[in-house]
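Q: Starting off with a structure, shown below.
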Amino acid sequence: MDQPAPLPRAPTDSRESGAAKLQDAFGRRFEYLRLSLTQRCNFRCTYCLPNGYRKPAGCAPELTPDEIGRAVRAFADLGLWKLRLTGGEPTVRADFDAIARQVAAVPGIRRVAMTTNGYRLAQRASDWRSAGIDAVNVSVDTLDPHAFAQITGHDRLDEVVAGIDAALAAEYAAVKVNSVLMDQIDEGAWDRILAFVQHRDVSWRFIELMRTNDNARFFETTHTPADALRQRLEHGGWTALARRSGAGPAVEYAHPASRGRIGIIAPYSPGFCDSCNRLRLSSTGKLHLCLFGEAGIDLRPLLQSDAQRDELVARILSSMPGKAQGHRLHDGDSGATPHLASIGG
Ligand code: SAM
Ligand code: SF4
């Protein structure tokens, strides 16, 4: 049975002032943790897991809810207040609802978002809202059903769109669409997207395709810079909105005739990493300071009991000087990242 949507959380302590204690050598502060719950996924997106998920040999088990709870409490102690549950496909975990409920209740956590391929959203949007998820990002690369099936391996565009509408009906604080930019967008596709956002309070964000170690060849033939899209928006009467402080990397555009917005996330643009405000924890407990960094810092040994909390906090703090100024994607260097499902895109 549906429970009522959670009330806005009241400030609980000094951490609520947003005083992030995590800062790197370049003065960037970290308030946002992307928590990968699993590397597993049921979709086979061409740019991510084109052959479907296969468990890598020797892969450690996924973090347990207890381990996740300890990690999130430690990060909240350090001033992180925004959390995103991602993966892989986070909702393939049978304990997804329980994890959502648990992390949403951690003192200091003010916003819990999730990123999903949307395959269960139509049925579960209301339950997940009640579990404490505040915001949802849904991945939709095209509104052409045939192309959607070709990209994801699943003929489920209608279900995913129904999921977006269910999320809007469930009154999430934000509903966004992630759309990987893989080609110039033809007129028909563009018109479908404009019609989609015209009456929906969503932000449709185009993300430049990023190179990973597994998709290097696909990237060479498919990567499309966002410049033409930016020009198209500006010529079409869309206006860039001022970026709020602490906002994510998207530049959002609004149009007087449209309820929804269109955004651009351009990781290949100059200065993209300058405003980085996020850290990542993999589904096996590795802290990643960058999406395209190296092996990650293993926190798992310190997630085994509550008595290790001080040591855990100290390890997180001491890792911060190791964060690089920026990714090296321009040099064709994707670090140790085989695909984004591996550490949570
Ligand atoms: N399975 C969920 C989903 O697809 O929304 C969450 C994980 S997925 C790795 C997170 C986001 O990363 C998705 O929006 C996906 O489209 C995007 N993504 C995956 N690989 C990418 C790549 N190589 N370049 C840009 N975006 C990518
Ligand atoms: Fe799965 Fe998301 Fe990767 Fe697609 S992008 S294969 S849905 S993890």
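The values are calculated or read from the model by the stated rules, or taken from the named source; none is laboratory data. Everything numeric here is computed off the predicted structure, so don't read it as measured data. Cβ: placed from backbone, ideal geometry, glycine included. Neighbour counts: every protein chain shown. Heads up: the accessible areas ignore ligands, DNA and RNA and are worked out on the full protein's heavy atoms, side chains in. Shrake-Rupley method; radii C 1.70, N 1.55, O 1.52, S 1.80 Å.
Q: Using a 1.4 angstrom probe with every protein chain in place, what is the largest-first accessible-area order of Thr64, Thr142?
A: Thr64, Thr142
Q: Okay, moving on. In the full protein assembly as shown, how much of Ile207 is accessible to a 1.4 Å probe, in Å² to the nearest 10?
A: 30
Q: Right, another one. With every protein chain kept in the model, how would you rank Met114, Met182 by accessible area, 1.4 Å probe, largest at the top?
A: Ranked from most to least accessible, the order is Met182, Met114.
Q: How many angstrom lie between the C-alpha centres of region 156-218 and region 270-284?
A: Here the two parts' Cα centres lie 22 Å apart.
Q: Please report the carbon-and-sulfur percent of the accessible area for region 272-345; probe 1.4 Å, protein heavy atoms only, DNA, RNA and ligands left out.
A: Summing carbon and sulfur atoms, their accessible area is 53 percent of the total for region 272-345.
Q: Moving on. Using the Karplus curve 6.51 cos²θ - 1.76 cosθ + 1.60 with θ = phi - 60°, what ³J(HN,Hα) values do you get for each residue of region 108-113, in whole Hz, with x for Gly and Pro?
A: Working through the residues one at a time gives x, 7, 9, 9, 10, 10 Hz.
Q: Next up: In a Gaussian network model over the chain where Cα atoms closer than 10 Å are linked, find which of Leu279, Leu194, Leu312 has the largest mean-square fluctuation.
A: Leu194
Q: Counting only the heavy atoms of the protein chains, how much of Glu159 is accessible to a 1.4 Å probe, in Å² to the nearest 10?
A: Glu159 has an accessible surface of roughly 80 Å² with all protein chains in place.
Q: While we're looking at this one, here's another question. Given the -39500 (n - 2.57) contribution per DSSP H run of 4+ residues, what per-residue ellipticity at 222 nm results for the chain, rounded to the nearest 500 deg cm²/dmol?
A: Computed ellipticity for the chain at 222 nm equals -8000 deg cm²/dmol.
Q: Can you give me the accessible area per residue for the chain, using a 1.4 Å probe, in Å²?
A: Spelled out: the 1.4 Å probe surface of the chain, per residue, equals 44 Å².
Q: Please give the FRET efficiency for Ala173 paired with Ala257, using the beta carbon to beta carbon distance and R0 = 22 Å, rounded to the nearest 0.05.
A: Approximately 0.35, to the nearest 0.05.
Q: Now for a separate question. For the chain, with only Lys/Arg (+1) and Asp/Glu (-1) charged at the beta-carbon, what is the dipole magnitude about the Cα centre, in debye rounded to 20?
A: Computed charge dipole of the chain: roughly 680 debye.
Q: Using a 4.7 Å Cβ cut-off, which Cys residues in the chain lack a partner cysteine?
A: Cys41, Cys59, Cys273, Cys276, Cys290
Q: Let me ask another. How many nm separate the modelled label positions at Ser269 and Ala195, each set 7 Å beyond the Cα in the direction of the Cβ?
A: 2.9
Q: If you take the charge dipole of the chain about its Cα centre, with +1 on Lys and Arg Cβ and -1 on Asp and Glu Cβ, which of Tyr172, Leu157, Trp81 is farthest toward its positive end?
A: Trp81
Q: Can you give me the distance in nm between label points at Cys59 and Asp186, each placed 7 Å from the Cα along the Cα-to-Cβ direction?
A: Computed distance between label sites Cys59 and Asp186 equals 3.6 nm.
Q: Report the full-extension gain for the segment Ala216 to Ala295: residue separation times 0.36 nm, less the Cα-Cα distance, to one decimal in nm.
A: The Ala216-Ala295 span can extend by a further 26.5 nm.
Q: Which one, Arg211, Arg84, Arg243, has the greatest fluctuation when you compute a Gaussian network model over the chain with C-alpha springs under 10 angstrom?
A: Arg243
Q: Now a separate question. Using 0.36 nm times the number of residues separating Arg29 and Ala162, minus their current alpha carbon distance, what extension gain do you get?
A: Result for the pair: 44.2 nm of gain on full extension.
Q: Follow-up question, since we're still on this one. Mind giving me the FRET efficiency for Leu241 and Ala307? R0 is 56 Å, r the Cβ-Cβ distance, nearest 0.05 is fine.
A: Rounded to the nearest 0.05, the efficiency is 0.75.
Q: Follow-up question, since we're still on this one. Could you report the accessible area of Arg328 in Å², rounded to 10, computed with a 1.4 Å probe on the protein chains as they sit in the structure?
A: 90
Q: Once you keep just the Cα pairs under 8 angstrom separated by 6 or more residues, what percentage relative contact order results for the chain?
A: 21
Q: How far apart, in nm, are the 7 Å Cα→Cβ label points at Gln231 and Ser318?
A: Taking the two extended label points, one gets 5.2 nm.
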